[in-house]
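Below is one structure, written out as structure tokens; comments come after it.
Please treat every number below as a calculation from the coordinates, not as lab data. Values in this document were obtained by computation on a predicted structure and should not be read as measured data.
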Amino acid sequence: MNSVKIIKNRNNKAQRWWIFVVRFLGFLMFIIPLIQPMYAYMIIGMEEVQFTKTRTLFVIVGFIMCSNGKFIGIVNNNVGLFMKHAFQKIIS
């Protein structure tokens, strides 16, 4: 069995999907906590929405996932490949 390197860019379809999914989730995690405060700034008379620790954490994690999505997607793809090889070895 060949060893699977965790940080190897394979540039296949599965890896591209992982990268897309991670970046999309990161984008959503970055934007969703900002929607209500931005809406409150634009509407006159609407009560101001404060940033909580949870919102701030979601924005930071979303930004990191969106900006480092390629690296995280590569690692996810290679961990999945490692698990696939390990299960095949266990079964056979």
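Just a few scattered comments:
- Between MET38, MET46, MET65, the GNM of the chain built on Cα springs shorter than 10 angstrom shows MET46 fluctuating the most.
- Helix-derived mean residue ellipticity, 222 nm - over the chain, DSSP H n ≥ 4, -39500 (n - 2.57), to 500: -26000 deg cm²/dmol
- Acute angle (nearest 10 degrees) that the helix 13-42 long axis makes with the longest principal axis of the chain, alpha-carbon atoms: 10 degrees
- Convex hull (Cα only) mean projected area of segment 36-92, reported in nm² to one decimal: 6.1 nm²
- Folded to 0 to 90 degrees: helix 53-67 orientation relative to the chain principal axis, Cα: 50 degrees
- Fully extended contour minus Cα-Cα distance, from ASN68 to ILE32, at 0.36 nm per residue: 11.1 nm
- Working note: Karplus 6.51/-1.76/1.60 with θ = phi - 60° gives segment 74-79 the couplings 5, 4, 4, 4, 6, 5 Hz, where Gly and Pro are set to x.
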